[in-house]
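Chemist: After the structure tokens below, expect a handful of questions from me.
The values are calculated or read from the model by the stated rules, or taken from the named source; none is laboratory data. Please read these numbers as outputs of a predicted model, since none were measured by experiment. Cβ sites come from the backbone with ideal geometry, for glycine too, and all protein chains shown count toward neighbours. Surface accessibility is based on the protein's heavy atoms, side chains included, excluding ligands, DNA and RNA. Shrake-Rupley method; radii C 1.70, N 1.55, O 1.52, S 1.80 Å.
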Amino acid sequence: METTLIFHEGLELPDFASFVLLDDPAGIGALRAYYRTYLEIARNRGVGIVLDTPTWRANRDWGERLGYSEEELADVNRRGVELLEELRQPGMALSGCIGPRGDGYRVDSAMSPDEAEEYHSAQVETFAGTSADLVSALTLTYAEEATGIVRAANQAGTPVVISFTVETDGRLPSTQPLGEAIEQVDAETAGGAAYFMINCAHPTHFESVLEPAPWLDRLRGLRANASKKSHAELDEADELDEGDPAELAAAYAELRKRLPNLNVVGGCCGTNHRHIDAISAAVTS
């Protein structure tokens, strides 16, 4: 969402925070147009769709940086759900989007599971009080934060999905292997997450770690980058690397053969509707 709105729509998103658009009529219009593009793809392809609220940055620390009080953050999270409610169509799941406390590419100051549960509980509980079908925590960089979010969601009684950022070696930015991170979160939450996803990496970065193992059954979603560049290279880039939509779609089709429960596909940095349409075609053909 953020790279599309910045590089294709020319919008300014401070700290990559798309939730600020909910405070501006023109911004709301841009979000509606963005979502409708993907709803049309789902209709044309005859598939369901998960839409995330534009609230990846709408947690306490990022909100404070942008001048939002706790009450204002709760309000903007609710309005993110209300916007998607306007656009609901059959086969659509509405997800309250949660992002990391720190950066989505690296581990800043890591929290314990208890600290992460306390930190993220406000946003989780806000979504639990809306019509959101689930919450999705995206671009998490270490297992303890994921554990805390799962515990907060379980306490609030709402389904939760965990999506980990991985590096070019298929490991989390914390250096923990992906499979170990999934197993740790499951062990510490009694399997409390609905499922897990991979995000923010090109398939060539993580395909080597998807060897047969019990934890692969818990991996049901992929949100890959269009670019093959590392996170460090992407951070330094002045232009958007959109990769090759057809090549990315073909990689998804190959990965689907190795992931028996894969049924949620999407994109991360650099992808747009062209990539998602190609991916949808590739995995449903």
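Chemist: Over all Cα pairs of the chain, how is the pair count split among 5 Å bins, expressed in % and running from 0 up to the last occupied bin?
Modeler: 1, 6, 13, 18, 21, 19, 15, 7, 1, 0
Chemist: While we're here: Over the chain, give the accessible area per residue in Å² for a 1.4 Å probe, as an integer.
Modeler: On the way: 12020 Å² over 285 residues.
For the chain, the per-residue accessible area is 42 Å².
Chemist: Ranked from highest to lowest mean number of other Cβ atoms within 10 Å per residue, what is the order of the peptides 178-191, 123-136?
Modeler: 123-136, 178-191
Chemist: Please report, as a whole percent, how much of the solvent-accessible surface of region 130-285 comes from carbon and sulfur atoms (probe radius 1.4 Å). Present the calculation step by step, with values, prior to reporting the outcome.
Modeler: Values: 2840 of 6110 Å².
Result for region 130-285: 47 percent of the exposed heavy-atom area is carbon or sulfur.
Chemist: Also: Of the options 112, 192, 5, report the single residue whose Cα projects farthest towards the positive end of the charge dipole of the chain (beta-carbon charges: Lys, Arg +1; Asp, Glu -1).
Modeler: 192
Chemist: Quick one: P(r) of region 151-226 from all Cα-Cα pairs, 5 Å bins, percents rounded to integers, in order of increasing distance.
Modeler: Spelled out per bin, shortest first, that is 3, 16, 28, 25, 16, 8, 3, 0.
Chemist: A follow-up question, please. Got a sec? Which residues in region 102-127 would a label at residue 23 touch, if it sits 7 Å along Cα→Cβ and we count backbone N under 13 Å?
Modeler: Hits in region 102-127 for residue 23 at 13 Å: none.
Chemist: Run through the DSSP bridge list for the chain and note the antiparallel percent, rounded to the nearest 5.
Modeler: 5
Chemist: Sticking with this structure for a sec: Over region 144-257, what is the percentage of antiparallel beta bridges among all DSSP beta bridges, to the nearest 5?
Modeler: Around 10 percent of the beta bridges assigned by DSSP in region 144-257 are antiparallel ones.
Chemist: Here is a follow-up. Summing Lys, Arg as +1 and Asp, Glu as -1, what charge do residues with Cβ under 10 Å from the Cβ of residue 258 carry, residue 258 excluded? Please list the in-between numbers first.
Modeler: Numbers: positive: 256, 257; negative: 207, 211, 254.
Neighbourhood net charge equals -1.
Chemist: Taking Cα pairs under 8 Å and at least six residues apart, what relative contact order does the chain come out at, in percent?
Modeler: 14
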